[in-house]
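Okay, so here's the structure we're looking at.
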Amino acid sequence: MQTPPETPATSSAFRNVPRTGVIFVMTEAARHGYTPGNTDWANLGQGQPEAGALPGAPARLDSVAIDPADLEYAPVPGIWELREAVAGHYNRLYRRGMPSQYSAENVCISGGGRVALARTAAALGEINLGHFLPDYTAYEELLSVFRLFSPIPILLDPYRGYDFSLRELEREIAGRGLSAILLSNPCNPTGKVIFGDELNGWTSVARRLDCTLLIDEFYSHYVWNDAAFDGPPMVSAARYVEDVDSDPVILFDGLTKNWRYPGWRTAWTLGPKSAINTIASAGSFLDGGGSRPLQRAAIGLLDDEGVLAETRALRQVFRRKRDIALRRLNAMGVHVDREPEGTFYVWGDVRDLPPPLNTGMGLFRRMLEEKVICVPGEFFDVNPGRRRAQRGISRFGTHVRFSFGPEESAVVAGLDRLAAVIKATAGT
């Protein structure tokens, strides 16, 4: 079924609600004939990983048994058994031998990552909340709709590879009076990863200055630097939390990316018990809780052996696609500010390509004609409530996010068509 075009509100009772970047591009693609599952298209704008079987990965779950008790509503914070399983998963992977351990009361289950983030945003008080540019497109409307807190943008410099030092972090927190900071790690779209001593430093600064870190860790198993890890190749601030009930660190993850079950819409929030209680209270009026049968089925997916096997398999398959995408894009003249250390995206600057391919929106619209989808970089210039005047020009207007989330054949097909268009355009 084709996605309908965006239309203005038909009643004065409603405002026009913008679509997130990926939803916008998929709507535009539908106008050009795209339909899900159409193999004529190469979706390099895809925000989900390929969800089929991978060599060496556990078998995909293709059915869910429903216990009669699970026909009832789930508790708003999630069923107790899954909350316990999530807490145990983090304790075994990241907190072995540490005196402070997560419990079920440190976990809140929700119906997807956006719901988890919305619950948390609804629970925030009248504070200044820092967020980075560029970052995940859905943060923009999320930071706009809840009016108690004030979003404060922090611009990262492409010429520094989007680095941000601990000294800069301290200066931003103290100088702008930040009570919380929202970020994705690994970062969507740049692929930068904060890990090891650097991530330990972030948690230490947050603890000392009482600034809550709200960390989106949905890509935490898509990390490409093997040398950075002395254990499982996954990144999480949970490794550096000293006291799970007092350190101001809130983590978000779920089955969407790292387990490759995006359609399940099962996510969790991990943090101090007091914060989790407040976040769950927000869920009681926002969404009422997630799917009870899917929560029950998710428990088995947190088995250590299965998690590690899935992670090894996805890293082998996705690393190969990453290397293909990087090599091909560089050869086409797309500049990559920083090679992705995580995620399944390449964040490319197309300013040196021939017009009209030298802007994100120009390349996006031209490639729709070739049945290729990508995401213009301007959508990652998170601007809640349009508070910053941009005069029609985005600081990431020449950037594009290219996904290597689809199967390898689709990634290669999309890159082939892009290369052909660049060559033909340069020759005119």
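A short reminder: the numbers here are calculations on the coordinates, not readings from a lab. Please read these numbers as outputs of a predicted model, since none were measured by experiment. In this analysis, Cβ positions are derived from the backbone assuming ideal geometry, glycine residues included, and neighbour counts consider all displayed protein chains.
Most tightly packed first, judged by the mean number of other beta-carbon atoms within 10 Å of their residues, the peptides 158-168, 315-325, 270-280 read 270-280, 315-325, 158-168. Between the listed residues TRP41, TYR261, TYR162, the Cα displaced farthest toward the positive end of the dipole of the chain, a dipole computed from Cβ unit charges relative to the Cα centre, is found at TRP41. The magnitude of the dipole of the stretch 53-94, with charges of +1 and -1 set on the Cβ of Lys/Arg and Asp/Glu and taken from the Cα centre, is near 300 debye. Say the dipole of the chain comes from +1 at the beta carbon of Lys and Arg and -1 at that of Asp and Glu; which of ILE127, VAL336, SER394 then lies farthest toward its positive end? Working it through, the farthest residue towards the positive pole turns out to be SER394. Taking Cα atoms, how many degrees apart are the long axis of helix 113-123 and the longest axis of the chain, rounded to 10 and kept between 0 and 90? So the inclination is approximately 60 degrees. Using the Karplus relation 6.51 cos²θ - 1.76 cosθ + 1.60 with θ = phi - 60°, the per-residue 3J(HN,Hα) values for the stretch 136-141 come to 3, 4, 5, 4, 4, 6 Hz, with x marking Gly and Pro.
Taking GLU407, GLU305, GLU105 in turn, the Gaussian network model of the chain (Cα-Cα springs below 10 Å) assigns the largest fluctuation to GLU305. Helix 166-176 versus the longest principal axis of the chain: what angle, 0 to 90°, nearest 10, using Cα atoms? Once rounded, one gets 80 degrees. Projected over all directions and averaged, the alpha-carbon convex hull of the chain occupies 21.2 nm². Using label points projected 7 Å from each Cα along Cα→Cβ, tell me how many nm separate SER274 and GLU407, to one decimal. Here the modelled spin labels are 5.2 nm apart.
With all pairs of different C-alpha atoms in the average, the Kirkwood value for the hydrodynamic radius of the stretch 74-194 is 16.5 Å. The residues neighbouring ALA123, those whose beta-carbon lies less than 14 Å from its own, together hold a net charge of +1 under the Lys/Arg +1, Asp/Glu -1 convention. At full extension, PHE285 and SER103 could sit 63.1 nm farther apart than now, given 0.36 nm per residue minus the alpha carbon distance. Could you state the angle between the C-alpha long axis of helix 304-332 and the longest principal axis of the C-alpha atoms of the chain, as a value from 0 to 90 degrees rounded to the nearest 10? With rounding to tens, the tilt is 20 degrees. When you restrict to C-alpha pairs under 8 Å that are six or more residues apart and normalise by the size of the chain, the relative contact order lands at 25 percent. Length gained on full extension, ARG351 to GLU339, computed as 0.36 nm times the residue gap minus the Cα-Cα distance: 2.6 nm.
Efficiency by 1/(1 + (r/R0)^6): what FRET value for ALA331 and VAL17, r their Cβ-Cβ distance, R0 = 41 Å, to the nearest 0.05? The computed FRET efficiency comes out at 0.55. Report note on the peptides 131-140, 412-421: ranked by the mean count of other C-beta atoms within 10 Å, highest first, their order is 131-140, 412-421.
If eta is 1.306 mPa s and T is 10 °C, what Stokes-Einstein diffusion coefficient results for the stretch 57-118, Kirkwood Rh from Cα pairs, in µm²/s?
Value of D from the Cα-based Kirkwood radius: 115 µm²/s.
Averaging Cα coordinates gives a centre for the stretch 163-226 and one for the stretch 109-136; these two points are 15 Å apart. The lysines within cross-link reach of LYS321, meaning a Cα-to-Cα straight distance under 22 Å and a gap of 8 or more places when in the same chain, are LYS192, LYS257, LYS371. Taken about its Cα centre, the stretch 291-383 carries a charge dipole of about 320 debye when Lys and Arg each add +1 at the Cβ and Asp and Glu each add -1 at the Cβ. Inverting the pair-averaged 1/r between distinct Cα atoms of the stretch 68-306 gives 18.0 Å as its Kirkwood hydrodynamic radius.
Between TRP80 and ARG147, the C-beta separation translates, for a Förster distance of 25 Å, into a calculated FRET efficiency of about 0.15.
For the stretch 68-306, a simple Cβ point-charge model (Lys and Arg +1, Asp and Glu -1, everything else neutral) yields a dipole of about 260 debye relative to the Cα centre.
With r as the distance between the Cβ atoms of ALA59 and LYS423 and R0 = 51 Å, compute the FRET efficiency 1/(1 + (r/R0)^6) and round to 0.05.
0.75
Each 5 Å bin from zero holds the following percent of Cα-Cα pairs in the stretch 185-318: 2, 9, 17, 21, 20, 17, 10, 4, 0. Fully extending the segment from GLN316 to ASP163, taken as 0.36 nm per residue of separation minus the present Cα-Cα distance, adds 52.4 nm.
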